[in-house]
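Taking it in order: structure first as structure tokens, then the write-up.
The values are calculated or read from the model by the stated rules, or taken from the named source; none is laboratory data. Treat the numbers as computed from the prediction; the structure is a model and nothing was measured. Cβ coordinates were reconstructed from backbone atoms using ideal geometry, including for glycine residues, and neighbour counts include every protein chain displayed. The protein model used for the area step is the full one, side chains on, heavy atoms only, and it has no ligands, DNA or RNA in it. Shrake-Rupley method; radii C 1.70, N 1.55, O 1.52, S 1.80 Å.
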Amino acid sequence: MRTLTVNTSNQCYSIHIGRGTYQMLPRLMKEVGVEKDRKLMVITDSSVAPLYGQSLQASLRAEGYQVGMTVFPAGEESKNLSVVERVIGDCLQFGLDRSSVVLALGGGVVGDLAGFVAATYMRGIPFIQLPTTLLAHDSSVGGKVGVNHALGKNYIGAFHQPLMVVFDVDVLRSLPARQVHSGLAEVAKHALIWDVSFVEWLEAHAEELLALSPERLTEAIFRGCEVKSAVVSQDEKELGIRSILNYGHTIGHALEAVSGYRVYTHGEAVAIGMAGASRLSVRLLGAPGELVDRTEQLLRRLRLPIRYAENWPLPALLEAMKRIRKRAVASILLFCRASWDR
């Protein structure tokens, strides 16, 4: 198991990455003060619950914990206030109080929604991130939690840092190939914005990552989380450098919104967004042309799209991008150009 630490102005917490880490969860929880007298609520979705939810609940109960579980339908469509209200109702019925702890077991949607429930339940209770997708290595770190509004993604949310993040790479074997590719988009993002040597490492080990080598996955997730931790530790509330983590997301979120979240996975949309942002960086800011070539080659190697083929009207995409990023995106591109020269 590999461990790193995220330090913010309000909290310090650990990220644990490796094989079989869910089996270590009772010990890890005790290390952060979650004793058996504190009720736990597993929040998960209908895809993850039958795979890992019931076994996790049973193993924690065997250790003496009181553990409830609430399940909502899998998919981005569930990331809304209506589902939040139902989940909070389940938490109330189970008797969660301010000393209780939420366990967010699932991918990015689960982490965002469960984290938002934890941030707002009784004005905020602790939660632990238990990612089950490769994509969630990004969303589980940094404390951004929230749900969608009809007009856009993540418009309703908060900053609420987890008590810790526990990533078990063994669960990634249950992912469909498309979801593996999608998750690698965020890994590529961390490399592209921060460290050319990480880009080279991904290029060298792309096939092993696609084949779900536990050792390579552990290293990729660790290095990606290192980048996320370094950025969040400097800028918890996205007032400056944290904007760099939005690389590819302005275009990507617009593609998701215009398609009604039905055409591309989040990672696929972000990959297309990074390809577009790299071209803008070259055209508008004078970044080296190599940025486009290396970006697109890496994304292709990871089985990710770099263009969208649908005939969506450009005005609709531009309007979606304006809603998503009201602040100028030039700062994001500047960070990317600067990081490529590191």
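Side notes on the structure shown:
- Whole-number percent relative contact order across the chain, with pairs defined as alpha carbons under 8 Å at least 6 apart: 16 percent
- Helix 290-301 axis versus longest C-alpha principal axis of the chain: approximately 50°, rounded to the nearest ten.
- Using 0.36 nm per residue and subtracting the Cα-Cα separation, the extra length available between D170 and R283 on full extension is 36.5 nm.
- The distance between label points at V263 and S233 comes to 4.0 nm (points 7 Å beyond Cα on the Cα→Cβ vector).
- Computed over the chain, the per-residue total of -39500 (n - 2.57) for DSSP H runs of n ≥ 4 gives a 222 nm mean residue ellipticity of -15000 deg cm²/dmol, rounded to 500.
- Degrees separating the helix 249-258 axis from the principal Cα axis of the chain, which is the longest one: 80 degrees
- Sorting the segments 294-304, 24-34, 184-194 by their residues' average number of neighbouring beta-carbon atoms within 10 angstrom, most packed first, yields 184-194, 294-304, 24-34.
- Its alpha carbons give the chain an Rg and a Dmax of 19.3, 60 Å.
- Antiparallel %, DSSP beta bridges [both residues in the chain], to 5: 35 percent
- Whole-percent carbon and sulfur share, accessible surface of the chain, 1.4 Å: 52 percent
- In percent, rounded to a whole number, the relative contact order of the stretch 1-57 is 22, using alpha-carbon pairs under 8 Å and six or more apart.
- Under conditions of 25 °C and 0.890 mPa s, the stretch 105-238 yields 160 µm² s⁻¹ as its translational diffusion coefficient, taking Rh as the Kirkwood radius over Cα pairs in the Stokes-Einstein equation.
- The angle between the Cα long axis of helix 266-285 and the longest principal axis of the Cα atoms of the chain comes to about 40 degrees, rounded to the nearest 10.
- Solvent-accessible heavy-atom area per residue, rounded to whole Å², over the stretch 60-167 at 1.4 Å: 34 Å²
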